[in-house]
Amino acid sequence: MPLYKLTEESKKEYAKKYLENLEYWLRRVIDQQLSADFGNDFINYQSPVGHFLIKKEIRDSINSRFQKHPERFSRIIDASLLEHLIYIICKEDLYQKYFRPFFESNYPLGRIQLKNTLEDLSEIRNRLYHINPISIRHLEKVICYSNDIIESIKIQYSNMNQEKKFNVPTILSYSDSLGQHFLRENIDWATNCLIINNRGFDIYCNDTVSLQIEVDPSFHENEYDLIWKFDDMEVKNQKNIEINFEAKHVGELKSVVVKIISKNEWHKLNGCDDCLAIQFTILPPK
């Protein structure tokens, strides 16, 4: 659908999706680059002579969010906001030593060019989360700028031989109405499939649970099919589904499976390109 035909709500939904994906990639770069030299708690790293890696204002804000909602964040960097990510990546010494190769492909003028672009996106993000309207131009910026930055990051990963050998759409995150949210790197992997074990929750016959995934939006939705399967149910091309468990579903191990199947002639896995299985134990009626 042309952008000008989108409702205000749809424009905001698209913009949030692209910005969240951008933040995912920025956090990935920061975590990998800084944890190697400063450990997993690099946000609070202090040198032997007393100098902090990150300024107090940013440290305090990230630490506060992490401590208030520890169940939401598997890493401390996940508690950061876009404004924090901009500060860390565009801090001159850190940019030159750790981040420049990830951005110079599309930002050859350097740190200031990248910072100006990110700050444009941050202003739009603030509008989104303060219930202000956004224009078509705002949405165009979000889509184009986010894709440019992510493309530059992927080029560097390719140069480092760390990018995936199969260029296929993948699941970036999972969330559900049980209050869980997992990034891909924090989900277990077993025999060609990601695994979420929800068997520790008391789910009863007649309970309803909603499940949601996010797919790498650098792939257009027309490039793949998304298929959910549970028992005799099949749902296609929906990123959010609701399941009402019935008496016939009662059992020790019941799995909801979602697969991404690209429209290539080949597939990375056995007939699909990414797969997630969400396991449940469904208890008899109370």
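Data for the structure
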read-out: Crossing angle, helix 136-159 versus the chain [Cα axis fit, 0-90 degrees, rounded to tens]; value: 80 degrees
read-out: Links that overshoot a 21 Å alpha carbon limit, given the list 16/236; 165/236; 56/154; 248/286; 56/91; value: 16/236; 165/236; 56/154
read-out: Fewest-first ranking of 204, 45, 98, 224, using other Cβ atoms within 10 Å as the exposure measure; value: 204, 45, 98, 224
read-out: Summed residue charge, Cβ within 15 Å of residue 258's Cβ, Lys/Arg positive, Asp/Glu negative; value: -4
read-out: Prolate/oblate/rounded call for the range 171-283, Cα gyration tensor, a/c under 1.5 rounded; value: prolate
read-out: Top positive-direction residue, dipole computed over the chain with Cβ charges, set 48, 224, 275; value: 48
read-out: Relative packing of peptides 272-283, 8-19 - highest average C-beta neighbours within 10 Å first; value: 272-283, 8-19
read-out: The range 3-159 shape via C-alpha gyration tensor axes, a/c threshold 1.5; value: oblate
read-out: Residue pairs, from the table 17/97; 17/68; 141/268; 115/239, whose Cα atoms sit over 28 Å apart; value: 17/97; 141/268; 115/239
read-out: Tilt relative to the chain, helix 8-38 - C-alpha long axis, 0 to 90 degrees, to 10; value: 70 degrees
read-out: Residues listed by number, the range 244-260, amide nitrogen under 14 Å from residue 234 label point at 7 Å toward C-beta; value: 257-260
read-out: Hull-based mean projected area of the range 98-154, where the convex hull spans the alpha carbons, in square nanometres; value: 4.1 nm²
read-out: Part-to-part distance (alpha-carbon centres) for the range 245-279 and the range 195-214, which is given in Å; value: 14 Å
read-out: Calculated semi-axes √(5λ) of the Cα gyration tensor in Å (choose from (i) 35, 23, 20; (ii) 30, 19, 19; (iii) 45, 19, 17), label; value: (i)
read-out: C-alpha long axis of helix 56-68 to longest principal axis of the chain, angle in °; value: 10 degrees
read-out: Spatial separation of Cα centroids for the range 130-169 and the range 31-67, in angstrom; value: 26 Å
read-out: Listed residue (19, 77, 129) projecting farthest to the positive dipole end of the range 3-159, Cβ model; value: 129
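Since every read-out is calculated from the coordinates, none of them should be taken as a lab result. Just so it is clear, the model here is predicted, and its values are computed rather than measured. Neighbour counts run over all protein chains shown; Cβ positions are idealised from the backbone, glycine included.
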